[in-house]
Amino acid sequence: MPADDSGVNRRKVLKSAGTAASGLVVSTGITTADSVVEPDEAKERALESEYVQSMLAELGHPEIIDVSTRQVTVGDWVITGIDLETELGTLTYGEDGNGGATALFEFDQQASRGKSRSQLPQKYRFPPQAEEAILTIDAREGVVFMRAATPAEQRRLTKKTGVDSDEAVMFYNSLIDGFEIHSKHNATARDAEPRAYLVEPPANSSNANISAGASSEVTDLSSMETDEVVTTSSCDTWAFKCMGSITICSACFLACGSAPVNPPAVAGCVLCVTGSCGLAVPVSCTKVVDECV
């Protein structure tokens with residue numbers, strides 16, 4: 001990742017974006033169906049994407065062992081999803097009829113353990129205690145790595161912020177080289193103010209090491225700053241409501257968390273939810289489409 005102000009950009013976005021979780025409700029606005037695209041054609045189409053090529057390069061070009069396709073309809077918006085299965089996880093390429101495209105890689109839960117771990121590039125050998133990890137695409141910065149905070153990190157983050165890990169979604173984000181904490185407390189209260197926290201190196205830090213928390217647990221948070229943020233944008237609000245409401249599919253809250261930064265990632269969010277969560281799609285995720293696309 002370029003050594004520029006990417007962390008500051010993410011910080012600025014999140015300064016005006018918080019979170020509020022909503023209940024998991026099956027939405028009738030999203031439907032899925034098997035695509036008619038042939039596997040060979042689908043694979044070729046996906047491999048033409050620079051997003052897909054960027055992710056494959058980051059992962060050391062793992063062998064693609066299976067290809068499947070599906071179509072997701074959200075109102076009038078139709079997304080074609082192409083899933084490329086590898087031994088390290090699933091790379092999903094999504095495109096719509098308007099020329100929009102995105103890519104998302106969901107690491108296999110066993111990828112950080114046993115023999116598979118040695119096949120991961122060093123910087124993505126995330127702690128085995130982290131249950132979920134993904135790669136997503138940021139329009140400006142390229143490939144971004146996110147992983148769930150480990151139980152030990154959650155305890156440290158709770159101590160630093162006062163937010164109970166049972167009442168929050170906590171994850172590491174390479175774009176800020178720190179953690180995002182999205183509280184689920186009082187999520188059902190109509191007057192509850194959506195909130196989130198960032199725990200990250202100081203903005204003027206000259207020795208911040210991007211991905212320092214990717215391949216190992218962060219044991220010392222003392223040098224990091226904590227900022228509380230509150231939502232103001234409709235896109236941001238619904239993206240984080242969506243993220244907060246799909247914690248049963250924890251890889252997807254990482255995918256949906258990138259939507260306010262990169263609107264094309266909305267497709268990745270929807271494809272992740274419909275793929276990992278089946279048809280149990282929160283209403284808040286359909287609102288993401290309404291507000292962010």
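The values are calculated or read from the model by the stated rules, or taken from the named source; none is laboratory data. Please read all numbers here as calculations on a predicted model, not as lab measurements. Neighbour counts are summed over all protein chains in view; Cβ atoms, including those assigned to glycine, are modelled from backbone coordinates with ideal geometry. Quick note on the areas: whole protein, heavy atoms, side chains included, nothing else; ligands and nucleic acids left out. Shrake-Rupley method; radii C 1.70, N 1.55, O 1.52, S 1.80 Å.
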Any idea which residue in the range 118-135 is farthest from Pro151 (Cα to Cα), counting only those that are touching a strand residue (DSSP E or B) at 6+ places or on another chain (Cβ under 9 Å) and among the charged types (D, E, K, R)? Lys123
Glu153 vs. criteria over 28 Å from Thr92 (Cα atoms), touching a residue at least 60 places away in the same chain (Cβ under 8 Å) and charged (D, E, K, R): yes
Against the definition (in contact with a Pro (Cβ under 8 Å, 6 or more places away or on another chain), modelled with pLDDT of 85 or more and of a type in the set (A, V, I, L, M)), how does Met170 come out, yes or no? no
Mind checking whether some residue in the range 116-131 is closer than 30 Å to Met170 by Cβ, open to solvent by less than 50 Å² (accessible area, probe 1.4 Å) and in a strand (DSSP E or B)? no
Matching residues, the range 17-62, being closer than 15 Å to Thr92 by Cα, at pLDDT 70 or above and part of a loop (DSSP other than H, G, I, E, B): Val37, Glu48, Ser49, Leu59, His61, Pro62
Quick one: which residue in Val163, Val143 is closer than 19 Å to Ala57 by Cα, open to solvent by 10 Å² or more (accessible area, probe 1.4 Å) and not acidic (Asp, Glu)? Val143
Within the set of pairs 6+ apart or on separate chains, which have a first residue in the range 206-234 that is more than 24 Å from Ile134 (Cα to Cα), a second that is modelled with pLDDT of 70 or more and surrounded by fewer than 16 Cβ atoms within 10 Å (Cβ to Cβ), and C-beta atoms under 6 Å apart? Glu225/Pro202
Given the condition at pLDDT below 70, open to solvent by 10 Å² or more (accessible area, probe 1.4 Å) and outside any loop (DSSP other than H, G, I, E, B), answer yes or no: does some residue in the range 76-93 qualify? no
